[in-house]
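The values are calculated or read from the model by the stated rules, or taken from the named source; none is laboratory data. Please read these numbers as outputs of a predicted model, since none were measured by experiment. As a convention, Cβ positions derive from the backbone with ideal geometry for all residues, glycine included, and neighbour counts pool all protein chains shown. Please note that ligands, DNA and RNA were not included when accessible areas were found on the heavy atoms of the full protein model with its side chains. Shrake-Rupley method; radii C 1.70, N 1.55, O 1.52, S 1.80 Å.
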Amino acid sequence: MTKSELIISLANSYPQLLAKDAELTVKTILEAMAQALADGKRIEIRGFGSFALSVRPPRVGRNPRSGEKVMVAEKRVPHFKPGKELRYRVDMGVKSK
């Protein structure tokens, strides 16, 4: 599902909500989540899952073209861990097909 599909689904589910309001709502939520992760915070949505930051330590990599060693800096990357309910619903959807 894309962001635009989510906006359309939200607007269709709540007819009293204008499409512009649905778009603003989705953008606001996603921006708040992105900002929380950028600030190093953890996000937990009960029944859905949690987002946290994983730290990848610095390492020595190789340039694939020349083979020379290159230092790769430390990185902070977002990591999603699905909740128990989401795992169950996804698993049941796969088994029923």
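According to the square roots a ≥ b ≥ c of the eigenvalues of the Cα gyration tensor, what is the shape class of the range 50-97, taking rounded for a/c under 1.5, prolate for a/b larger than b/c otherwise, and oblate for the remainder? In terms of gyration-tensor shape, oblate.
Computed with every protein chain present, the accessible area of VAL90 is close to 80 Å² [probe 1.4 Å]. At a Förster distance of 30 Å, what's the computed FRET efficiency of VAL90 paired with LYS20, Cβ-Cβ distance as r, to 0.05? Calculated transfer efficiency: 0.40.
The mean sequence distance of close C-alpha pairs (under 8 Å, at least 6 residues apart), as a share of the length of the chain, puts its relative contact order at 20 percent. In loop segments of the range 24-75 as defined by DSSP, the trypsin sites (Lys or Arg not before Pro) with at most 16 further C-beta atoms inside 10 Å of their C-beta are LYS41, ARG42, ARG46, ARG65. Taking semi-axes √(5λ) of the Cα gyration tensor in Å as calculated from this structure, the corresponding entry among (i) 35, 20, 15; (ii) 21, 17, 11; (iii) 50, 13, 8 is (i).
Given a Förster radius of 25 Å and the C-beta distance between ARG56 and LYS3 as r, what FRET efficiency does 1/(1 + (r/R0)^6) yield to the nearest 0.05?
Details: r = 27 Å, r/R0 = 1.08.
E(calc), rounded to 0.05, equals 0.40.
In this view, the solvent-accessible surface of SER9, computed with a 1.4 Å probe and all protein chains in place, comes to about 50 Å².
Helix 19-38 axis versus longest C-alpha principal axis of the chain: approximately 30°, rounded to the nearest ten.
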